[in-house]
1. Can GLU199 be described as within 28 Å of GLN284 (Cα to Cα) and touching a helix residue (DSSP H, G or I) at 6+ places or on another chain (Cβ under 8 Å)?
2. Return only the number of the condition from (1) touching a strand residue (DSSP E or B) at 6+ places or on another chain (Cβ under 8 Å); (2) modelled with pLDDT of 65 or more; (3) surrounded by 15 or more Cβ atoms within 10 Å (Cβ to Cβ) that VAL25 does not satisfy.
3. Given the condition surrounded by fewer than 19 Cβ atoms within 10 Å (Cβ to Cβ) and part of a loop (DSSP other than H, G, I, E, B), answer yes or no: does some residue in region 276-285 qualify?
4. Hey, could you check region 214-251 for residues that are without any contact (Cβ under 8 Å) to a residue 60 or more places away in the chain, surrounded by 16 or more Cβ atoms within 10 Å (Cβ to Cβ) and under 22 Å from ARG160 (Cβ atoms) and say which is nearest to the chain's Cα centre (by Cα)?
5. Tell me which residues, restricted to region 260-275, are assigned to a helix (DSSP H, G or I) and surrounded by fewer than 17 Cβ atoms within 10 Å (Cβ to Cβ).
6. Within region 184-239, which residues are at pLDDT 90 or above and among the acidic types (Asp, Glu)?
7. So, in region 252-281, of the ones that are of a type in the set (A, V, I, L, M, F, W, C) and farther than 21 Å from PRO126 by Cβ, which residue ends up nearest to the chain's Cα centre (by Cα)?
8. Let me spell it out: the conditions are (1) farther than 14 Å from ALA146 by Cβ; (2) surrounded by 14 or more Cβ atoms within 10 Å (Cβ to Cβ), and GLY206 meets all of them except one. Which number is the exception?
Amino acid sequence: MRGFAFCLVAFWFVAGGMAQDSASVTAVVVTAGKSWSAGGRKLSRGQTLAPGTELNQSGNESSDLILDCGSAGWLSYSCLQLPCTVHSCQLGSGAVRVLRVDLRAGNNGSTSPGHSWFPSLFRREPASVVVLGIREGGQVTDAVVAESGSTVHLGPALNRVLEGKYCFRFTPLPPGNPAASKEATLDWDRSADAEGVLEVPGIEPGLYAVQKSSSEASGACTFKSDANSAWVLVASTSDFPRLRSEWKDFTERIREIEREGASPTVLLTLRHAALAHLADSVQQGK
């Protein structure tokens with residue numbers, strides 16, 4: 001009961017009485033974990049929900065639901081016991097944790113009060129991505145990096161990667177054109193080159209899914225089809241200072257949301273949304 005009271009107070013504080021107006025809010029599904037459904041049909045990213053739609057989760061394992069509630073921002077729902085029922089963009093019962101997970105609560109100059117985060121994310125990631133656990137150590141991390149000509153300064157994405165010789169594959173987002181992927185190798189030694197400079201012939205500024213693999217003795221690169229990937233925004237020298245600053249603001253906001261109890265799936269969704277927004281901000285400025 002005490003936990004429910006805390007969630008209730010926190011929700012009203014961050015949402016500013018949003019529940020009073022929720023009857024008129026049309027929601028969009030941002031992320032829906034397994035077994036979330038409406039009217040007996042599984043929810044999917046991009047699905048529009050009528051105001052107050054009844055949403056259900058069954059099964060044996062709880063997962064996250066994130067809704068874009070328009071001016072009220074993004075809300076995440078997580079069932080504390082199953083089965084559970086909520087109504088779109090409304091406060092749940094004591095069996096549901098509701099958090100506001102809206103990036104625009106941060107101080108960022110590239111967004112307006114009416115900015116919608118979802119279209120940028122949806123264009124690059126049409127389906128929900130669910131994280132089963134925390135991304136294992138040694139992997140590339142989501143980041144903004146600088147590019148100059150055919151040179152990429154990958155260091156900010158390598159803070160979890162141990163020293164060694166690796167192959168990296170850069171696949172442009174949105175996906176759909178494997179032939180556009182670029183591969184490069186790097187003998188990573190942060191004590192000698194903390195910026196992780198590598199040559200990627202033909203690379204252009206933009207958002208990429210980046211995979212890492214060990215470089216074979218022959219110099220060949222082999223990537224597993226299910227290998228983890230990170231989202232890396234490759235920025236031109238002129239755009240990098242602004243994008244790095246805004247990405248820092250976003251990551252600070254995401255850490256606040258993490259401290260409030262958001263799951264790895266929610267945090268991954270927010271990082272991808274922020275990077276997709278930043279990539280669009282460059283394109284719109286051209």
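1. Working: within 28 Å of GLN284 (Cα to Cα): yes; touching a helix residue (DSSP H, G or I) at 6+ places or on another chain (Cβ under 8 Å): no.
Taking the combined requirement at face value, the residue does not satisfy it.
2. (1)
3. Checked against the condition, which is being surrounded by fewer than 19 Cβ atoms within 10 Å (Cβ to Cβ) and part of a loop (DSSP other than H, G, I, E, B), region 276-285 yields no hits at all.
4. THR251
5. Going residue by residue through region 260-275, those that are assigned to a helix (DSSP H, G or I) are 264-275.
Within region 260-275, just PRO264 meets the criteria.
6. ASP187, ASP189, ASP193, GLU195, GLU199, GLU204, ASP239, listed by residue number.
7. Kept after step one, since they are of a type in the set (A, V, I, L, M, F, W, C), are these residues of region 252-281: 254, 257, 262, 266-268, 270, 273-276, 278-279.
Next, only the ones that are farther than 21 Å from PRO126 by Cβ stay: 254, 257, 262.
Details: ILE254: 10, ILE257: 13, ALA262: 12 Å.
Ranking the qualifying residues of region 252-281, first place goes to ILE254.
8. (1)
The values are calculated or read from the model by the stated rules, or taken from the named source; none is laboratory data. Remember, predicted model here, so these are calculated numbers, not experimental data. So basically every Cβ, Gly included, is an ideal-geometry build from the backbone, and we count neighbours across all protein chains shown.
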